[in-house]
Amino acid sequence: MKYLSFRLQLYLILLFAVMTLLVLIPLPHLGPDFPGRWVLLLAAVDLFAVGGWFFLIKPYRYLASQSRKFMEGFIPMTDLLESPMMYSPSSEQTLRRLSQLAVRADAIDLSKRQAQYRALQNQINPHFLYNTLDGIRSEALLAGMDSLADMTEALASFFRYTISRTENLVTIEEELENCRTYFKIQQYRFGSRLRLEIAWDEEDWEVIRKALIPKLTLQPVIENSIIHGTELKIGEGVTRIILERSQTRTVIRVRDNGVGMGEEQLRELNGKLRAGEQEPDSSTHGREGGVALTNVNNRIRLIFGEEYGIHVYSMLGEGTEVEISVPLTAPGAGEQKP
Amino acid sequence: MKTEVLRLEKVTTKKGERTELDACSLRITEGSVTGLLAVNTYGLESLLDILLFNLPVYYGHVYYCEKCINSWKEEKRMRNPVTLIDSKSALAEGMSVLDNLCVFRPGKEELIRKKAFLEMTEPYLEDLDSERFGLRIPLESPAEKLDPLQSVVTQILRAVMLGHRLIILREISSLLSEEQMEVLSGVIRHYADHGFAFLYISMHFEEIRSMCTRAAIFNNGTVEMTADLGDEEQRGSLDAAIYHVYAKSFYRNVSGAMSGEERPEEQKPLLTIRAQALPLEVSLHKGECVTLQFLDTKPYQKLVRALSRPLEEDAVEFDFVEEDAGESRKRRPDPDRLRRVAVFSENAPETMIFPEMSVMDNLCMNMDHAFPQIWRNRRMRAMMKEEYIRITGRDIFGRSAGELTREEATELIYMRILMQRPKVMIAAQPFKGADVSLRQKIWKLIGRIRAEGTAVLILTVSMSDALTLADRVIRIGPGAESAEYKKGAFSELPPSMPWTSFYRTRS
């Protein structure tokens, strides 16, 4: 029985019926001196107490704990709706209605963003953009400006990957290639101050490179590490991508030796990532660093489930490590999730 | 590919309204020795409860060998196949080592078959080949007769036989000497090579650096940073981080004190301490701090035992030079003379506090010889309370002593000693089990006690921060042979010892 209100009604009816029977119905065959009525009453009371604990109080405590977790932002509304228990049908309907309203608001927001994105895409016809960039590259080569040509080529590759490809999941190899391109563009800005290192275990490379991750998972994290970590640091900034796998997971660690963050900021950021908070409006939010990470984290959790996502380790003045955990989805690599 | 033996994913636990673990993530792979540097102990017990007993989590997931064993969605209350080894041996006393190794294995029909036990144990012993580490595990010996190293290795062996893939070692260095730690390190590496994973919990980064392949910094209920210690860059970054973020003020204070000049040679010592049990004779000057580091645990235990029985024949003798001048030396100290000696025992917060008494009673209990009116004079007690709050910066007098935290209890004991004003204080492993914040407090309080003219004798197996207080270090070998180092020669001490790098850099 899913609803607590129904359980309570049933429990009260049973309680009333049993107690009435025990008090009113004569038990002549037990004899006048037999204290059986009281024994039976006591047994019934015990039975109802135990039954009440399992049938009412325990489910109520579970529901109260779920509500508290929802209020504190630990679980989303969908989990509350999928709960095996509910207070009453009307409370469930209220929740569903609220959820629909929230989803509708999200959908409106999403469609607005998609419309903006499409408008942007239409304004800048991708082929027109690539052709123009190729034109600039040719001109630069003819003028003997090799570095400008390289930079334009990198920019064209970056746009081709981010705008033209529409699939949700890409291989790690493709994502790494885009990261290298992005880093190349940034190196024109920062010069030799920036260094990118990518490390993996040779024996795992064949599986790791084919593993699938959401498109644009790594580039925003690297961008974040450059802008909020190494850019503010004096001296060489090293960003290191470490790729590892276990039987069921791919773990990507993006580590920088930048300025890091303090205990409170780290706690706040990990709290947001844990709760799967929606992306705040960057125009009103001062620290855009968290925006990229929460965005990537939300996409991972939406695609693979809430047991995957991002966790951040950091120490003020010493650097930050972003650990991205996704299921291992490469073919022939053990159990596949989801 | 490395199997993840343990994975904590954003684990959050609560006790009442208080968050204990806060989005704590930790990943331990097979064959790794992960050092958990506990900057403070907040949330550490919860972490161990989760790892060992699968207690319910408020949020997050726990994976063991890549299987979800605990999550906020589902409670599975069962003991995990994880072994914890700490300063208290988990071996059953009264049973032989062989019984300890085999009885807890599944298969009750073999309970009384010694031959079967031996057959069962033999492959494991052969694999370990303990002789190459210079270690012997006496299978017939009762568990309580084992020395600390044998006991720890036996517990590891038992974990291996039980198939526990994760073995947690908590503050083992306070039990083992430097040499024994080296042997243990070899044993750990041996099993790590066989795919077992170790979590080494310690308060000292130096230990973690020498024992572990990976380090994680645990602070206020979460893991803040991890680093591969094999990678020089990451190790250097972690080193710097620990210094900058957690230990800067401590380091500044300590290094200031350490930079001080060597004490001038004084003609007359304040007292001489003799322990016939070893034998040992140490002279101490007023306000001087001497650290006795035992390279073997047996002489340390002998001395601690002798100290705990002050009125017996083999007790430690204290000769106070000035006061005893002209007197014939008393072989056995009378109780009044013992008032001049304060002892801070190894597990002082558990053994030197009377939990059912008030904080004030605990503070004043040794003061009657100095202030006979103490129990009748309310004003005097109020003054003591004021002084206590001034020095420690906190008022704990509204509570009973049983409610104090470990940190508060430790402070209370040191304050009791400070107010007692003894001639000498003997502290057994004073930094054992203390996190960075408590270590700073202990360091300051011992400094204050010394400033009052009390000589301090620190007895220790693991040096921890004892070097930072010492004017002299006496290292005592297994046969009670000793080597003395004055401050000028501290740079010659082994480099693995915490704080020696400071003296080496200076020299």
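Nothing in this text is a laboratory measurement; each read-out follows from the coordinates by a stated rule. All values derive from a computational prediction rather than experimental measurement. All Cβ positions, even for glycine, are placed from backbone atoms using ideal geometry, and neighbour counts span all protein chains on display.
Quick look at the numbers
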| read-out | value |
| --- | --- |
| Mean Kyte hydropathy of 1.0 or more with a Cα span along the axis of at least 18 Å, helices from DSSP in chain B | B:148-162 |
| Tail beyond 12 Å, pair distance distribution of the range A:124-164 (Cα, percent) | 52 percent |
| Relative contact order (%) - criterion: Cα under 8 Å, at least six apart; region: the range B:422-503 | 27 percent |
| Nitroxide proxy distance, nm - points 7 Å out along Cα→Cβ at B:Gln373 and A:Gln247 | 7.6 nm |
| Cα-based shape type of the range A:201-243, given that a ≥ b ≥ c are square roots of the gyration tensor eigenvalues and the cut on a/c is 1.5 | oblate |
| Net charge of neighbours whose Cβ lies under 15 Å from the Cβ of A:Phe55, counting Lys and Arg as +1 and Asp and Glu as -1 | +3 |
| Potential extension, A:Leu40-A:Leu169 segment - 0.36 nm per residue separation minus Cα distance | 39.8 nm |
| Hydrodynamic radius (Kirkwood) for the range B:22-77, which is based on Cα pairs only, to one decimal in Å | 12.4 Å |
| Charge tally in the Cβ shell below 14 Å around B:Asp22, where Lys, Arg are +1 and Asp, Glu are -1, B:Asp22 excluded | -1 |
| Share, in percent, of DSSP beta bridges within the protein assembly as shown that are antiparallel, nearest 5 | 60 percent |
| Cβ crowding within 10 Å averaged over residues, with B:92-101, B:370-379, B:423-432 ranked highest first | B:423-432, B:92-101, B:370-379 |
| Per-q log10 I(q)/I(0), the protein assembly as shown, q = 0.10 Å⁻¹ (Debye; single scatterer per alpha-carbon; no solvent) | -1.20 |
| Residue mean of other protein chain beta carbons inside 10 Å, B:63-74 | 2 |
| The range A:4-105 shape via C-alpha gyration tensor axes, a/c threshold 1.5 | prolate |
| Overall Cα dimensions of chain B, principal axis frame, Å, largest first | 73, 52, 49 |
| Gyration tensor (alpha-carbon) shape descriptor, the range A:168-338, a/c threshold 1.5 | oblate |
| Chain B: relative contact order as a whole-number percent, Cα under 8 Å and 6+ apart | 16 percent |
| Among B:172-185, B:387-400, the order from most to least packed when residues are scored by Cβ within 10 Å on average | B:172-185, B:387-400 |
| Cβ neighbours within 10 Å from other chains - mean over A:304-316 | 5 |
| Potential lengthening between A:Glu72 and A:Arg193 on full extension [0.36 nm per residue; Cα-Cα distance subtracted] | 39.3 nm |
| CD proxy at 222 nm, helix term only [per DSSP H run n ≥ 4: -39500 (n - 2.57); per residue of chain B; nearest 500] | -10000 deg cm²/dmol |
| Label-point separation in nm, B:Glu232 to B:Leu118, each point 7 Å along Cα→Cβ | 5.3 nm |
| Extent along principal axes [Cα atoms of the range A:176-247; Å; largest to smallest] | 40, 22, 18 |
